[in-house]
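The values are calculated or read from the model by the stated rules, or taken from the named source; none is laboratory data. It should be emphasised that the depicted structure is a prediction, and the values quoted were computed from it without experimental measurement. We place every Cβ from the backbone using ideal geometry, glycine too, and count neighbours over all the protein chains shown.
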Amino acid sequence: MTDTGILIVGVGGQGTLLSSRILGEVALRSGMDVKVSEVHGMAQRGGSVVTHVRFGKKVYCPLVGAGQADYVLAFEKLEALRWAGYLKKDGVIISNNQEIPPIPVTLGHQKYPENIRESLEKIATTYMVDAGRIASDCGSAKAVNVVLLGVLARKLNFEKELWTKVIEETVPPKTIEINIKAFNKGYGVV
Amino acid sequence: MKKLLLGNEAVAQGAYEAGVRVVSAYPGTPSTEITENVARFDEIYTEWAPNEKVALEVAVGAAIAGARAMACMKHVGLNVAADPLFTSSYTGINGGLVIVVADDPGMHSSQNEQDSRYYGRAAHIPVLEPSDSQEAKDFTKLAFEISEKYDTPVILRMATRISHSRSLVEIGQRSDVHLKDYTKDIGKYVMMPAMARRRRNILVEREKSLKQYSEEAELNRIEYNDRSIGIIAAGGAYNYAKEAVPGASFLKLGMVYPLPEKLIKSFAREVERLFVIEELETFIEDYVRTLGLDVIGKELFPKTGELSYEVIASKLKEAGINKEVLNLSFENCKAPNVNEIPLRPPALCPGCPHRGVYYVLKKLNLTVTGDIGCYTLGALPPLSSMDTCICMGASVSSAHGLEKARGKEFARKTVAVIGDSTFIHSGITGLIDVVYNNGTSTVIILDNSTTGMTGHQEHPATGYDIKGRPANKLNMEKLCEAVGVKRVRVEDPFEIKKFQKAVQEEISADEPSVIIARRPCALLKRVKSKNKPYCVNTETCIECGLCLELGCPAITNRSLISIDETMCNGCGLCADVCPTNSITRGDICD
Ligand SMILES: Cc1ncc(C[n+]2csc(CCOP(=O)(O)OP(=O)(O)O)c2C)c(N)n1
């Protein structure tokens, strides 16, 4: 298959949908066929969420199959681990370093796994990014999604100017400056 | 111009281009964004109705009046709207009428996995099924044409992965469709036996013509390729199958009812092995079998949940299909053992007013008949305070059933919980039953001023309409009093002690009672909390874990109990339950 498949994963409410929208739009304006599959509804209430993004010459299925993902872009570490199995053999993980313990962990029924970074590295090339801190430094902890998008952008073959243009058009006007800063910081991480 | 649209946005765009004038709907995942997007067009009158039956009746009325009209709902909503559905098939329409229904294979956000295609067959209404956003738009427009040409309502069947996937759509102009003349015609619009019998015959004739249309229409098309394998598929399943065996021959169906008999037979003749690939029930497969054709379907492919291209490819391999034509390139990385990874079920948000209610219900150890909404999450640990959840409205009526089966003593330990939107949707009729038939149930209406679960839609008791304009605000207290409940009280679910006392008093009462637990949803923009986050004084905290029993995502327990200040909404419920006063507002413990 010649197209690219990306999973954007995180915890409901973390803003994964904005990232997939930006990514999809960048691919579209680069002349590709694009499909994005989002999660709305129940899981948005703090559950594990996954958005599928696929682009290439012609894309039929909006879902990235298990073993088909080129990238897993994770907004939370445990979610990176949960979805890492979707990667191709030579896939890449880009993950936020943040931990958000799910309720079964808080209640002591299950343990938040230790050494997630090491586990991920055994699965695939892993970039662990302190996206929370970088976002805060840029002026808003909420910009985590755009920081991570910046890291991914460096790996993909789209024009950087196109990314900035789409971000400017997509995020709320008041937050453009912060988001562009966050994107550039992310772009420079690796 | 091409845009990347959700399937749901594409349906809205299609309705706009088709010149639709009236849209009525009740929210429900995965259908909600259709109506939300229609509401952005000033040319279309759009409303949230109290339930799907009302929504469809509004659309039927508008269609009879000569306008193109649409009603939108999720699959279970069509059960509620089934009554007008069946008879609108008899009356036919005047202006075009389209019913959009979104199924949820895999039950991402639903209580069952029912298959709406059967409604088309049962009510003799044609069903179109798109497989991407462009088709979602095109089929919506086509549905209106079919509706007017054949004088029939048309069902547009969506599904989660079509509704919630974005793909490219060519944007067009709104066509100028005039309001048709309205003329009184009781033979057509008054369905009593004499007239309905005549219409019944017309319906049978109409179905024959629609079948002919299905044979010839472009929306059912054959793609011949490798003829050793032929696949019949529609909607999302077509995409998965196309990905799994790009080189196979396909009969791609866009109209799934009535099915094209001749087209299917001729396709079957041309291919060596015939497969039907579909999600949910064996709707197409059963039909193909009635034609006496040799076909492989659900004996091979999974009967439940969503399909995927990987599953289809491996199943076809199992069935001996030549590996060369299959896309089997899913060679995973070294996958982690997913069973060892803690689950992350959805949970009530930090600051959610429902949490206070469930804390009290758990403490009192009551039997709780539940209902559908965010508050259904109160069934999960640690709150674990719900015994039943069937369908919208069932909490109230089934509490009454519990009482009639097990007696009044049992009712003294039972409450029904129901959300505000759900109460208006179909809880009110249950309450009327309780009062009328000498029940003594206690009903707690969780009034958070919004339809939370589906993403914060207005409803008749919020005081706003779908466009955010001020509207009449239904008075819940007066409504309950008017149906005959004498004990109606309003309580704040965050005043835990007072709330507990209220519940104890009302369950003891030998008559029906309603407690309206009133506090707005923490996510509502108009009430967003400016309260400072709370924090834990680790020196006085005795780690008793009572705060953890609230199941608040902001409270964590890693060696010490702490509160994540970015998540905490400052509601203070945890401080109320802490026996050592170790949880205090941020500005005090800094
Ligand atoms: C017949 C039917 N229509 C729609 C839905 C989708 N749905 C589930 S819960 C709900 C309403 C939730 O609102 P509310 O009762 O106010 O509770 P909240 O989520 O705000 O707590 C809706 C529309 C459904 N499950 N069944």
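Give region B:246-263 a look and list any residue that's farther than 17 Å from residue B:157 by Cβ, touching a helix residue (DSSP H, G or I) at 6+ places or on another chain (Cβ under 6 Å) and at pLDDT 95 or above, or say none. Selection gives B:251, B:262, B:263.
When residue B:338 is tested against (1) within 30 Å of residue A:89 (Cβ to Cβ); (2) within 13 Å of the ligand (Cβ to nearest atom), just one condition goes unmet, and that condition is (2). Here residue B:384 meets the list (1) within 15 Å of the ligand (Cβ to nearest atom); (2) within 14 Å of another protein chain (Cβ to nearest Cβ); (3) polar (S, T, N, Q) almost entirely, failing just condition (1). Among residues of region B:452-471 that are within 9 Å of the ligand (Cβ to nearest atom), those with a Cβ under 7 angstrom from a residue that is aromatic (Phe, Trp, Tyr) and not in a loop (DSSP other than H, G, I, E, B), sequence gap 6+ or separate chain, pair up as B:457/B:48; B:459/B:48. The set of residues in region A:159-178 that are in a helix (DSSP H, G or I), in contact (Cβ under 8 Å) with a residue 40 or more places away in the chain and over 17 Å from residue A:28 (Cβ atoms) contains only A:178. Restricting the search to region B:61-77, which residues are more than 18 Å from residue B:19 (Cβ to Cβ) and touching a residue at least 60 places away in the same chain (Cβ under 8 Å)? Answer for region B:61-77, where residues must be more than 18 Å from residue B:19 (Cβ to Cβ) and touching a residue at least 60 places away in the same chain (Cβ under 8 Å): just B:76.
Evaluating residue B:535 against the criteria (1) in contact (Cβ under 8 Å) with a residue 12 or more places away in the chain; (2) within 14 Å of another protein chain (Cβ to nearest Cβ); (3) farther than 14 Å from residue B:357 by Cα leaves one unmet condition, (2).
Inspection of region B:473-487 identifies at least one residue that is away from the ligand (no atom under 16 Å from the Cβ), in contact with a helix residue (DSSP H, G or I) (Cβ under 9 Å, 6 or more places away or on another chain) and among the aliphatic types (A, V, I, L, M). For residue B:514, indicate whether it is among the β-branched types (Val, Ile, Thr), touching a Cys at 6+ places or on another chain (Cβ under 8 Å) and either in contact (Cβ under 8 Å) with a residue 12 or more places away in the chain or in the same structural domain as residue B:430 (by TED's automatic domain parsing) (or both). It is true that residue B:514 is among the β-branched types (Val, Ile, Thr), touching a Cys at 6+ places or on another chain (Cβ under 8 Å) and either in contact (Cβ under 8 Å) with a residue 12 or more places away in the chain or in the same structural domain as residue B:430 (by TED's automatic domain parsing) (or both).
Of the helices (runs of 4 or more DSSP H) contained entirely in region B:63-155, those carrying at least 1 residues that are charged (D, E, K, R) and closer than 30 Å to residue B:302 by Cβ fall at B:117-123, B:133-150. Scoring residue B:375 on the criteria (1) within 14 Å of another protein chain (Cβ to nearest Cβ); (2) touching a helix residue (DSSP H, G or I) at 6+ places or on another chain (Cβ under 9 Å); (3) more than 14 Å from the ligand (Cβ to nearest atom) leaves a single failure, condition (3). Entry remark, region A:14-39: residues being under 27 Å from residue B:104 (Cβ atoms), part of a loop (DSSP other than H, G, I, E, B) and more than 10 Å from chain B (Cβ to nearest Cβ) number 2 in total. Every listed requirement among (1) at negative phi; (2) away from chain A (no Cβ under 14 Å) is met by residue B:312 save one, (2).
Does at least one position in region B:307-314 carry a residue that is touching a strand residue (DSSP E or B) at 6+ places or on another chain (Cβ under 8 Å) and among the charged types (D, E, K, R)? Within region B:307-314 (the criterion being touching a strand residue (DSSP E or B) at 6+ places or on another chain (Cβ under 8 Å) and among the charged types (D, E, K, R)), the answer is no, since none of the residues qualifies.
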